[in-house]
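One structure below.
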Amino acid sequence: MNALGVASSEQLGIGIDPALHNRLDTLYCTFRFLGIAVGSLVGTVAWTGGGWSAVAGAGVAAMAAGPIVAVLPARRCSVRPHVVCPEMGCRT
């Protein structure tokens with residue numbers, strides 16, 4: 001499954017400017033690494049706190065949170081409603 005995700009993300013970059021493709025690839029790898037690091041930290045804390053049942057519970061919670069976050073509407077900027085607000089103010 002992991003190879004399929006990497007291959008499909010690489011296919012999205014075909015036909016765009018190579019410099020933009022490199023930037024997007026860097027962002028993808030950075031966020032993937034951060035996700036793996038956070039997952040390892042959560043797993044370690046869960047293991048320390050409650051063993052395998054806590055690790056399994058953390059995994060189930062993460063799986064349940066994914067679809068919920070995916071369907072939440074994006075926050076819009078009150079000043080410029082066509083702009084999705086990042087965490088630190090409105091940007092275009």
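Considering only protein heavy atoms, with the full assembly of protein chains and a 1.4 angstrom probe, order LEU72, LEU20 by accessible area, largest first.
Numbers: LEU72 105, LEU20 80 Å².
Output order, biggest surface exposure first: LEU72, LEU20.
By how many nm would the segment from ILE68 to SER53 lengthen if fully extended, with 0.36 nm per residue of separation less the alpha-carbon distance? Each step should come with its number before you reach the end.
Numbers: separation 15, 0.36 × 15 = 5.40 nm, distance 2.28 nm.
Additional length available on full extension: 3.1 nm.
The values are calculated or read from the model by the stated rules, or taken from the named source; none is laboratory data. Quick caveat: nothing in here was measured; it's all calculated off a predicted structure. Just so you know, the surface numbers come from the protein's heavy atoms only, side chains and all, with ligands and any DNA or RNA stripped out. Shrake-Rupley method; radii C 1.70, N 1.55, O 1.52, S 1.80 Å.
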